[in-house]
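See below for the structure under consideration.
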Amino acid sequence: MKEATFIRQNIEKWKRFETVIDSVSKQDPGLLADAYTEIATDLSFSRSHYPRSRITIYLNNLASALHNTLYKNKKESHSRILRFWKTEIPQVMYASRRELFYSFLIFAVSAAIGCVSTLNDHGFARLIMGDGYIDMTLANIEEGNPMGVYGHMPAVPMFLYIVINNVKVSFMIFAMGCLTGFGTGIILFINGVMIGSFETFCFQQQIGTESLLAVWLHGTLEISAIIVAGAAGFALGNGWLFPGTYSRGHAFVAGAGRGVKIIIGTVPIFIIAGFIESFLTRHTEAPNWLRGGFILLSLAFVIYYYIVLPIKLRHGISES
């Protein structure tokens, strides 16, 4: 890439970072850290391609200023964890909004495929979920407890198993981004087909409403976290596939950094979802309005935290 093109594509970003340094007392340390990471990446690229250029000197000075500013404020780290959840995760989700959309789109389309396939082939649900699970569900329906699967295990062991399994799946979705995002898409597709097929099967068995209230009591958070994990995998894969002005290695590392933050952000969501599934979902005798209200509350949280809040922070609307 020609030096003039490199400068033209990044000059506005560098000017913003100069503004960040000038108003450091008003800046969130998480934003400073992200700015320093980007400048360090640009500096590394410039050193490799234009080692004697003025732009390399400029970027080196800018990186030094950001580094000194960042570590000068290190003493404020007592609130670092709070800032991570309050600002850094929403900021990285805004930067990964396209990946989040692609992840949601794949899941939604695959769920629709699972639904249509089950409607047109009564054996499809058995193919996807296995004879054992289908037969168990049919037996539970006969006994008048269609969602009995959620009460077949003691709550505490079930909670530990579910959380460990879901976190493992999310990290797998992220790691599969190394396969240029194709592996991430495959796992999302499989999960989407399963949920679409299962819900359609339940409606065919006249227990659709009960299945929606039971599954989505915990599934609103759990499935949303899986979709968010998909965004992390695509961030990793896109860094490899579409490096832009950076070297492929640098873009891959930057994408991996975004993905790791996103994945860490899903862990508490999986823990809460696992708690709900283990301790609350089994209480199918709870009023429908209560379960439905809880689902809507969970959905409102997901939309706000992963979509609305990132947009607000992007436009400078701070959270008190």
Using only helices, what value at 222 nm comes out for the chain when you add -39,500 (n - 2.57) per DSSP H run of length 4 or more and divide by the total residues, to the nearest 500 deg cm²/dmol? -25500 deg cm²/dmol
For the chain, find the longest principal axis of its Cα atoms and tell me its angle to the long axis of helix 97-120, 0 to 90°, nearest 10. 20
May I ask for the angle, rounded to the nearest 10°, between helix 155-175 and the longest principal axis of the chain, with both axes built from Cα atoms and the value confined to 0 to 90°? 50
Considering only lysines 8 or more places apart in sequence, or on different chains, count the pairs in the chain whose C-alpha atoms sit under 23 Å apart. 23
Over the chain, with a Gaussian network built from C-alpha contacts below 10 Å, which listed residue (224, 48, 298) shows the highest mean-square fluctuation? 48
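Could you do me a favour and compute the accessible area per residue for the chain, 1.4 Å probe, result in Å²? Show your work: numbers first, answer last.
Details: 16690 Å² over 320 residues.
Spelled out: the 1.4 Å probe surface of the chain, per residue, equals 52 Å².
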For segment 110-216, what class follows from the C-alpha gyration tensor (a ≥ b ≥ c being the square roots of its eigenvalues): rounded when a/c is under 1.5, otherwise prolate if a/b is larger than b/c, else oblate? oblate
Between rounded, prolate and oblate, where does segment 155-208 land on the alpha carbon gyration tensor, with a ≥ b ≥ c its root eigenvalues, rounded for a/c under 1.5, else prolate if a/b exceeds b/c? oblate
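On the protein heavy atoms, probe 1.4 angstrom, tell me the percent of accessible surface of the chain carried by carbon and sulfur. Each step should come with its number before you reach the end.
Values: 10970 of 16690 Å².
In the chain, the share of accessible area belonging to carbon and sulfur is 66 percent.
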Output the 0 to 90 degree angle, nearest 10, between the alpha-carbon long axis of helix 54-72 and the longest principal axis computed from the alpha carbons of the chain. 60
When only Cα pairs under 8 Å and 6 or more residues apart are kept, what is the percent relative contact order across segment 138-242? 39
Describe numerically, in nm with one decimal, the distance between label points set 7 Å from Cα along Cα→Cβ at residue 4 and at residue 178. 4.2
Only one of the listed values, [x] 23.4, 78; [y] 19.9, 65; [z] 22.0, 76, was derived from the coordinates as Rg and Dmax of the Cα atoms in Å; which label is it? [x]
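Relative contact order of the chain: what whole-number percent is it, with Cα pairs under 8 angstrom and at least 6 residues apart? Before the final figure, lay out each step's value.
Numbers: 354 pairs, mean separation 71.9, N = 320.
So the answer I get is 22 percent.
The values are calculated or read from the model by the stated rules, or taken from the named source; none is laboratory data. Note that the coordinates shown come from a computational prediction; the quantities given were computed from them, not determined experimentally. Neighbour counts run over all protein chains shown; Cβ positions are idealised from the backbone, glycine included. Ligands, DNA and RNA are excluded from the accessible area calculation, which covers all protein heavy atoms including side chains. Shrake-Rupley method; radii C 1.70, N 1.55, O 1.52, S 1.80 Å.
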